[in-house]
Amino acid sequence: QVTCIEVVEAYVERIKEVNPLINAVVKDRFEEALQEARQVDKLLSEGPGDDSLEEKFPLLGVPVTVKEAFSLYGMPNTSGLVNRRNVIAASDAAVVSRLKQAGAIPLGVTNCSELCMWYESSNRVYGRTNNPYDLQRIVGGSSGGEGSALAAACSVVGVGSDIGGSIRMPAFFNGVFGHKPTTGVVPNDGQFPNAHGVRTSYLCTGPMCRYAEDLEPVLRVMAGPGVSKLKLNEKVSLEKIKFHCMDHDGGSIFVSPVDKEILQAQKKVVEHLESDLGVQVQRVAIHKMKYSFQIWSAMMSSKDSEGQEAQRFTDLLGDHGKPVWPLWELMKWLVGMSSHTLPAIALGLTEKLVNLNLSGKAKLVSMGKSLQEEMEALLGPDGVLLYPSHPTIAPKHHSPICMPFNFAYTAIFNVLGLPVTQCPLGLGSEGLPLGIQLVAAAYNDHLTLAVARYLEKAFGGWVVPGKV
């Protein structure tokens, strides 16, 4: 009904309209995108009138945005690090290349936190990204620019990555959908920083979008041949899913208590599932979840099977240049002289502390392994767990520094290797998005995606910002 050029022009105009407020798209490629849209229209006018184009190019002409941490040819690839500000990508990351080959049209790259290791998307290269529902609120991190751009309707689909919740927190705070696939299905190649050693098992690349039905086709393209490991062609009968529900982590001393509104939203989901599908949602209390933050930290810094140490964050901060001394950077930061953000400096300082207690660390790693077995046994081939996405709705800017470990609610599932779909559940009393995590056993992504589509119909999914 509309031409590709009309679609791309509409999104370009939208970005120009809202980006000065949200600062989500940090570098655009509008001219190239419009040129690519013209080529799509030419192809459609000259192409065969059958389904062969759809099979060859499943995402033909679809406007997408890409997290700046991924290489997109001709675009910056700094990950918010000042000493990389002149780095321009000379090639495409694996998933970006696959999206392009499927016909998608990248509009530009979006903001992230410094080195993708914090849950507020702000850095010394591009500044801070704001939440479209309230500009005084954070967008989450590290794929925060993506979450904000999608919520503000600047793009149809986004490329995110997630090692501690970096797809799911922004999806939650911005009221969109995000999917962290089962580990090892979608390639991580071509992003900076990439995972090394044991962390290659925890980092996941996945899709973010406004509509639940878009997650699966984009995941198929991103996964490429790896998609055969997933059961995406299996029909899901929602009535046969064994639903489990956990309201909170059991009361970790490191993490804020879960907001009443988030608990209320989760309760409504349980009630709806039970009344509409006739299922019995099983309440569970998994004791080890209380130690989610400690387990994640220990596993992130452990050696891999070949004895290789995890890459140090302070080495990444230097990016092959001079080593970074966190204490010295803190002194410089206090007088406004550091080129790093406070969360990055703090992470460099705490990194050293984690390795002081090696026997405690070994205990936590083994607790993580037994939690993984417990989760896989609980979920089995047909289970889905409902679990809060975060203890609070989108906090005000800078406040994450006062509650730095709240990302544990998402992070635990990275080290467990489980697929998780973040699903929006409308807006709360302050007009900010609510949501829930849907978790399944490894390679059962099809279950969480099916439940997300169902909950979107029941609870309305994405809500246009400013509609309240």
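The values are calculated or read from the model by the stated rules, or taken from the named source; none is laboratory data. These figures come from a predicted structure and were not determined experimentally. FYI the Cβ positions are ideal-geometry reconstructions off the backbone, even for glycines, and counts take in every protein chain you see. Side chains included, ligands, DNA and RNA excluded: accessible areas come from the protein's heavy atoms. Shrake-Rupley method; radii C 1.70, N 1.55, O 1.52, S 1.80 Å.
Simple point charges give the picture: +1 on the Cβ of Lys and Arg, -1 on the Cβ of Asp and Glu, and for region 4-459 a dipole about the Cα centre of about 1280 debye. No solvent, one uniform scatterer per C-alpha: report log10 I(q)/I(0) for the chain via the Debye equation at q = 0.09 1/Å, two decimals. Rounded to two decimals, the profile gives -0.55. Looking at the chain, the DSSP beta bridges with both ends there are about 65 percent antiparallel. Straight-line cross-link partners of K260 among the aspartates and glutamates, defined as a Cα under 16 Å from its Cα and at least 8 positions apart when in the same chain: D247, D249, E430. Here the calculated FRET efficiency for V335 and E239, from their Cβ-Cβ distance with R0 = 41 Å, stands at 0.05, rounded to the nearest 0.05.
For region 407-468, the gyration tensor built on C-alpha atoms gives an oblate shape. Its axis ratio a/c (a ≥ b ≥ c) is at least 1.5, and a/b is not larger than b/c. In terms of distances greater than 30 angstrom between alpha carbons, the cross-link table entries K235/K363; K231/K361; K16/K100; K100/K267 yield K235/K363; K231/K361; K100/K267. Averaged over its residues, the chain has an accessible area of 41 Å² per residue, based on protein heavy atoms and a 1.4 Å probe. Taking label positions 7 Å along the Cα-Cβ direction at both K303 and E13, the computed distance is 6.1 nm, reported to one decimal.
Here the accessible area is traced with a 1.4 Å probe on the protein chains. For the chain, carbon and sulfur cover 55 percent of it. A Förster radius of 56 Å, combined with the Cβ-Cβ distance separating K42 from S359, puts the computed FRET efficiency at roughly 0.30.
Counting only whole DSSP H helices of the chain, the ones at least 15 Å long by C-alpha along their axis and with mean Kyte-Doolittle hydropathy no lower than 1.0 are 342-354. One decimal place: the segment E430-T3 gains 149.9 nm when fully extended, by the rule 0.36 nm per residue minus the C-alpha distance.
Using a simple spin-label model with pseudo-atoms 7 Å out from Cα toward Cβ, E54 and L135 lie 4.3 nm apart. Under the simplified labelling scheme, the E31-D259 pair shows an inter-label distance of 4.3 nm, with each label point 7 Å from Cα along Cα→Cβ.
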